[in-house]
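Remarks on the structure that follows.
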Amino acid sequence: MTETTYSGSDAADRGNDMAARRKRRDAANRRLQYYGIGAISFAIGLLALLFASLIVSGYTAFTQTHVRIDFPISATHVKPDAIDQGNYRLVVRDALADLFPDVTSPADVRSLGQILTNNTQFFVRDAVLADPSVIGRSVTLEIPASDPFDQLNKGVIDRNVPENQRRVTDRQIGWFDQLVAQDRVTAPFNWALFTAPNSRFPELAGLSGAIVGSALTLLVCFVLSFPIGIAAAIYLEEFAPKNRWTDLIEVNINNLAAVPSIVFGLLGLAVFLNLMGLPRSAPLVGGMVLALMTLPTMIIVTRAALKAVPPSIREAGLGMGASKHQVIMHHVLPLAMPGILTGTIIGMAHALGETAPLLLIGMNAFITSEPGGITDAATALPTQVFIWADSPERGFVARTAAGILVLLGFLIIMNGLAVWLRQRLERTW
Amino acid sequence: MATVAEMPRETQTFTTVRTPDAAPRPVKVRGENVNVFYGAKQALFGVTIDIPEKAVTAFIGPSGCGKSTFLRCLNRMNDTIVGARVEGKITLDNRDIYDTDLDVVELRARVGMVFQKPNPFPKSIFENVAYGPRIHGLARSKTDLEEIVVSSLQRASLYNEVKDRLHEPGTGLSGGQQQRLCIARAIAVSPDVILMDEPCSALDPIATAKVEELIDELRTNYTIIIVTHSMQQAARVSQRTAFFHLGVLVEEGPTDHIFTNPIEKRTQDYITGRFG
């Protein structure tokens, strides 16, 4: 060892040098931090932009313009012994004639009728069927306004554009304003968005069919992928010998997790529909296809959860004379369960948002009722959004955005559940 | 001066120096020419040893000398390690424990094990102790089971500390209590032999003293084999000591003899602290 002594100027140089280096070091640290903050701000900004644009274009779909009309139910149009065969079209016409006695020409009557939804007569029929005692009296109903007048009421259709460039005529606007002046027009929360199935008419279209369809599809997906995924993961993690075959299986599982989802849709089309002859557009097939898609993720997540169980617990079990089966069922699996459940929920959330494979097996059909079971034709939330996005009517623009918001809401709930479960069941050992 | 650990492998002897007890006890566990391999690497070289009944036998030696490996052969815990292979013969009450028709579950019920780090199941104290009797069907009724749990906790000198919170998680106990819980869990299935793999290495001195006291009490009923890094501990609790070095059983004999009058030079070197 050699003794090193610094002369005064050396020490000063060294001091300056160190100060400069420290400054550079600190600057580099700060820069890295700023890059990170910048990246996160960018991501959050894009997310905020996405939500903002969805909310801006979708919020109008959460209310629906209704018109309160008194329908006189005369016994000539509706016979008490055949209520469902009554002529409700005439009932509606009479009701409007009562409100607008000066509208008489057939063309005007028709264009007046366009203010209300096309299905007005069925709303009246349902009301009479629910309460036959109204025959001979009149019944007051809140009828959804048809899409152009809903848009007019929400200010989407501009009154200042020339008449020939908008979907409502000046006369119709006049009649509608009369209804507004009579305080007959309201815009309550659009429950039909959640309780009604799909419809050709935007003012009547809702997501209930898609929500039930998605729920049934996810149920099938869960019932298939959860036990199969866990069983496969347990075998690979606990029993399989480590050799070339299991390596190959592992590589393939990891690859499958990265296969584009539409490929699984093609598989479902070729095998489940064409080869096995399962029903088209059914949640059963949708669930099977999504299960194929989620299985690799499920296996990977479960294996990670099993691996995270400390070996000391296994040793403790084996040391007590528990068999392998007992160690896995009594100790390892219960301890891995929170991790498995978290992964499962995230996998299910992924499956809920998946569209492409469902398009290929026909779950983008136009279906106006809720599916009654897993073999009934149905749509799912993302495919419903897809159908609406394709529809020309003005009201579907807002409804598409609203549908996306509902889908996102479900996804946020599911991911929140996963986070909550993880925190709740997290164990220390 | 070069210690034996630094000497070339070829110059080491594979023979064991043995000193019998003055009053020999019956043999419980016997190893005959046991070789253990982990893959291509040999971890134990021809270990032959008789372990007496109802006494504490300590395995000492520097890290990696094979003492834990040999201990884990005695209840076949090495079976769970991929690539581990055991040659030779190990008998428990004159029965070969590597015999193909011997049930390893039954063997482990007779040869309990306590690990280095306390590893209670993340369940209640009661469930921890009740687990063994339950899976081996030792309790005919609920009262039976409760009796077994209470007596096991009593024999592990833990009952008085936990009797009011039997249904609280075992992982909430202190380290020393957890280790005694693991001992209670092991004795709940009434084993003949209890293997302890450095049971006090994760404990503080007071907890260590309690566990050692417990080991001393347990030897009236059980054959205990303990692996320890602490020579003082071996001297305090054991009746016989076996010194392992680089996979070879170098010397075994009565504890006081090994510590006061070792015959082998390597044993001397280790005990006097020249290596290890």
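The values are calculated or read from the model by the stated rules, or taken from the named source; none is laboratory data. Computed from a prediction, not measured in an experiment: that's the story for all the values here. Don't worry about glycine lacking a Cβ; one is built from the backbone with ideal geometry, like all the others, and counts go over all protein chains shown. Note: areas computed on protein heavy atoms with side chains; ligands, DNA, RNA excluded. Shrake-Rupley method; radii C 1.70, N 1.55, O 1.52, S 1.80 Å.
Things worth noting here:
- Gap separating the Cα centres of segment B:50-106 and segment A:47-114, nearest whole Å: 87 Å
- Based on protein heavy atoms only, segment A:208-425 ends up with 43 Å² per residue of surface accessible to a 1.4 Å probe.
- Solvent-accessible area of the protein assembly as shown (1.4 angstrom probe, protein heavy atoms only): carbon and sulfur portion equals 58 percent.
- Sequence of A:393, B:198 from largest to smallest accessible area, 1.4 Å probe: A:393, B:198
- Interface residues in segment B:90-114 - accessible area drops by 10 Å² or more relative to the isolated chain, probe 1.4 Å: B:105, B:108, B:113
- Tensor-based shape of segment A:318-420 (alpha-carbon gyration tensor, a/c under 1.5 rounded, otherwise prolate or oblate): prolate
- Taking all protein chains together, A:150, A:70 sort by accessible area into A:70, A:150, largest first [probe 1.4 Å].
- Area accessible to solvent at residue A:323, 1.4 Å probe radius, in Å²: 40 Å²
- Solvent-accessible surface of segment A:8-60, averaged per residue with a 1.4 angstrom probe and all protein chains in place: 83 square angstrom.
- Estimated buried accessible area (total), pair A and B, 1.4 Å, Å² to nearest 100: 1600 Å²
- Residues of segment B:116-137 whose accessible area (probe 1.4 Å, heavy atoms of protein chains only) drops by at least 40 Å² once all protein chains are present, relative to their chain alone: B:119, B:121, B:122, B:131, B:135.
- Under 5 Å, built H, 5+ apart or other chain: amide partners of residue B:28: B:51, B:53
- Chain-alone versus full-assembly comparison, segment A:305-321, residues with accessible loss of at least 30 Å² (1.4 Å probe): A:312, A:313, A:315, A:316, A:318, A:319, A:320, A:321
- Reducing segment B:109-156 and segment A:217-265 to their Cα centroids gives an inter-centroid distance of 37 Å.
- Whole-angstrom gap from segment B:228-249 to segment A:404-419, using each part's C-alpha centre: 60 Å
- Å² of accessible area per residue within chain B, as computed with a 1.4 Å probe and no ligands counted: 43 Å²
- Global form of chain A, assessed from the alpha-carbon gyration tensor, a/c cut-off 1.5: oblate
- Cα principal axis extents for segment B:147-276, largest first, Å: 53, 27, 23
- Point-to-point label distance, residue A:33-residue A:165, nm (Cα→Cβ direction, 7 Å offset): 5.5 nm
- Ranked from largest to smallest solvent-accessible area, with a 1.4 Å probe on the protein heavy atoms, A:412, B:90 come out as A:412, B:90.
- Heavy atoms of residue B:147: accessible area, 1.4 Å probe, square angstrom to 10: 130 Å²
- With both residues required to sit in the protein assembly as shown, DSSP beta bridges show an antiparallel share near 65%.
- A convex hull fitted around the alpha carbon atoms of segment A:65-187 yields 103 Å³ per residue.
- Mean projected area of the Cα convex hull of segment A:208-425, taken over all directions, amounts to 13.7 nm².
- With R₀ fixed at 60 Å, the C-beta to C-beta distance from residue A:100 to residue A:420 puts the FRET efficiency at about 0.60.
- Options A:388, A:251, A:279, ranked by Cα towards positive dipole end of chain A, top entry (Cβ charges): A:251
- When DSSP beta bridges are restricted to pairs lying wholly in chain B, around 55% turn out antiparallel.
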